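Engineer: I have a structure I would like to understand better, so I am pasting it below and will then ask my questions one at a time.
The values are calculated or read from the model by the stated rules, or taken from the named source; none is laboratory data. If you're wondering where the values come from, they're calculated on a predicted model, not measured in any experiment. Reconstructed Cβ throughout: ideal geometry from the backbone, glycine too, with neighbour counts over all protein chains shown.
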Amino acid sequence: MKIYYVTNIDAFDEGFVDECAAFFPEWRKDKMMRYKHLKGRVQNGLAYLLLIKALRDEGVFYEMPEFYYNEHGKPFLKNYPNWFFSLSHCKTAVCCVLAEQEVGADIEMKAAFKDSLANYVCNEKELAMLHDSDDKSDAFYQLWTRKEAVFKMLGTGITKEIKNILDTPYINIETHKIDDLIISISYHYNK
């Protein structure tokens, strides 16, 4: 499993969006163009390009990927049924992970620590760990991306189980730090 990512997305302009629109399938072009702001269009275009690159690197690309969605909106590959992916973006970056099993990924840019948000998403054990940490922001965003990656892998969207989602059995989570970015990937491991 490899993480594909692009940083400094503010460097992409309307010309990039136009180039994407010229060769994306109509459904993906429409989805990209629904975004009101340039940043959303760029994030959408980059995410799809990263997925294409991942399929090419795996040696399985034969046509533009098409999606279908579960009842919670999780996308799956219609024309690559044995492959799973997860896309994520934050203010400055976009990432994609492709795997031969269910996978979830989340990318976040480290920001200021907020007690109110931590209290909302963390259980008592996690809150204690955060308050003992030398870098609360770093520790929080590692927890947050791990939780979001699990929800994305499960395909349920964020639920009321957010405080205890990391206790879900048979899940492996990897967290990577790249400059001020934190990326977490979640996948099942064999029971």
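Engineer: In this structure, is residue 118 touching a residue at least 12 places away in the same chain (Cβ under 8 Å), closer than 23 Å to residue 181 by Cα and touching a Phe, Trp or Tyr at 6+ places or on another chain (Cβ under 9 Å)? Spell out how you get there, then give the answer.
Structural biologist: Details: touching a residue at least 12 places away in the same chain (Cβ under 8 Å): yes; closer than 23 Å to residue 181 by Cα: yes; touching a Phe, Trp or Tyr at 6+ places or on another chain (Cβ under 9 Å): yes.
It is true that residue 118 is touching a residue at least 12 places away in the same chain (Cβ under 8 Å), closer than 23 Å to residue 181 by Cα and touching a Phe, Trp or Tyr at 6+ places or on another chain (Cβ under 9 Å).
Engineer: Right, something else. Looking at the stretch 15-38, is at least one residue aliphatic (A, V, I, L, M) and touching a strand residue (DSSP E or B) at 6+ places or on another chain (Cβ under 8 Å)?
Structural biologist: Filtering the stretch 15-38 for residues aliphatic (A, V, I, L, M) gives 17, 21-22, 32-33, 38.
Filter once more, keeping what is touching a strand residue (DSSP E or B) at 6+ places or on another chain (Cβ under 8 Å): none.
No, that holds for no residue.
Engineer: So, one more: Return a yes/no flag: does the stretch 21-42 have any residue that is acidic (Asp, Glu) and within 22 Å of residue 147 (Cα to Cα).
Structural biologist: As a first pass, look at the stretch 21-42 and keep what is acidic (Asp, Glu): 26, 30.
Narrowing further to those that are within 22 Å of residue 147 (Cα to Cα): none.
No: the stretch 21-42 contains no residue that is acidic (Asp, Glu) and within 22 Å of residue 147 (Cα to Cα).
Engineer: Might you let me know whether the stretch 129-141 holds any residue that is in a helix (DSSP H, G or I) and loosely packed, with under 14 Cβ neighbours inside 10 Å?
Structural biologist: Quick first cut of the stretch 129-141, residues in a helix (DSSP H, G or I) only: 129-132, 136-141.
Next, from what is left, pick out any that are loosely packed, with under 14 Cβ neighbours inside 10 Å: 131-132.
Among the residues of the stretch 129-141, at least one is in a helix (DSSP H, G or I) and loosely packed, with under 14 Cβ neighbours inside 10 Å, which makes the answer yes.
Engineer: Which of the residues belonging to the stretch 39-64 are in contact (Cβ under 8 Å) with a residue 12 or more places away in the chain and touching a helix residue (DSSP H, G or I) at 6+ places or on another chain (Cβ under 6 Å)?
Structural biologist: Scanning the stretch 39-64 gives 41, 42, 44, 45, 48.
Engineer: Ok, one more. Sort out which residues of the stretch 68-81 are touching a residue at least 12 places away in the same chain (Cβ under 8 Å) and of a type in the set (Phe, Trp, Tyr), and write them in order of number.
Structural biologist: 80
Engineer: For the subset of the stretch 162-191 comprising residues that are surrounded by 15 or more Cβ atoms within 10 Å (Cβ to Cβ), more than 16 Å from the chain's Cα centre (by Cα) and free of Cβ contacts under 8 Å to residues at least 60 places away in the same chain, which member is farthest from residue 104 (Cα to Cα)?
Structural biologist: Taking the candidates together, the pick is 163.
Engineer: Just checking, how many residues over the stretch 1-12 are in a helix (DSSP H, G or I) and either in contact (Cβ under 8 Å) with a residue 12 or more places away in the chain or surrounded by 13 or more Cβ atoms within 10 Å (Cβ to Cβ) (or both)? First the steps, then the outcome.
Structural biologist: Within the stretch 1-12, the first condition is being in a helix (DSSP H, G or I), and the residues that meet it are 9-11.
Now narrow it down to the ones that are either in contact (Cβ under 8 Å) with a residue 12 or more places away in the chain or surrounded by 13 or more Cβ atoms within 10 Å (Cβ to Cβ) (or both): 9-10.
Matching residues across the stretch 1-12 total 2.
Engineer: Looking at the stretch 18-40, is at least one residue among the basic types (Lys, Arg), in the same structural domain as residue 179 (by TED's automatic domain parsing) and closer than 27 Å to residue 156 by Cα?
Structural biologist: So the first thing to find is which residues in the stretch 18-40 are among the basic types (Lys, Arg), and the list is 28-29, 31, 34, 36, 39.
If we keep only those that are in the same structural domain as residue 179 (by TED's automatic domain parsing) too, we end up with none.
No: zero hits.
Engineer: Count, please, the residues in the stretch 13-64 that happen to be surrounded by 20 or more Cβ atoms within 10 Å (Cβ to Cβ) and outside any helix (DSSP H, G or I).
Structural biologist: Result for the stretch 13-64: 1.
Engineer: Please work out which one of (1) touching a His at 6+ places or on another chain (Cβ under 8 Å); (2) modelled with pLDDT under 95 is the condition residue 95 fails and give its number.
Structural biologist: Condition not satisfied by residue 95: (2).
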